[in-house]
1. Please compute the modelled spin-label separation between residue 96 and residue 71, points set 7 Å along Cα→Cβ, answer in nm with one decimal.
2. If packing is taken as the average count of other Cβ atoms within 10 Å, what order do 66-72, 38-44, 20-26 fall into, highest mean first?
3. For the range 10-85, rounded, prolate or oblate, judged on the Cα gyration tensor with a ≥ b ≥ c (square roots of eigenvalues), a/c < 1.5 rounded, else prolate if a/b > b/c?
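Each value in this text was obtained by applying a stated rule to the coordinates, not by laboratory testing. For clarity, every value in this text was computed on a predicted model and none was experimentally measured. All Cβ positions, even for glycine, are placed from backbone atoms using ideal geometry, and neighbour counts span all protein chains on display.
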């Protein structure tokens, strides 16, 4: 079902600023206080894996979130050094980095 038919009031506002999205992002940040790329805790941002402009119905979906530290990881890892782009496989990149750090030989 289309997002705009299920949530007719929220379609009048930006889905990123909707209360349901803000509330879900705060809760995700509380549950995941560390960066999922380099495990630091400096100004963690909640990144949308699939951008809101392409999937407004997933704006408040916690399965679409990823914690990335500040502009460093958020810009570089999540947006490939350009805020207008997004990385399709950012979740896999973060997982592979964590797996590589878990094994001293990178295996």
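1. Computed distance between label sites residue 71 and residue 96 equals 2.7 nm.
2. On the way: 66-72: 18.6, 38-44: 13.7, 20-26: 15.3.
Answer by packing, highest mean first, reads 66-72, 20-26, 38-44.
3. On the way: a/c = 2.33, a/b = 1.38, b/c = 1.68.
Taking the square roots of the gyration eigenvalues as a ≥ b ≥ c, the range 10-85 is oblate.
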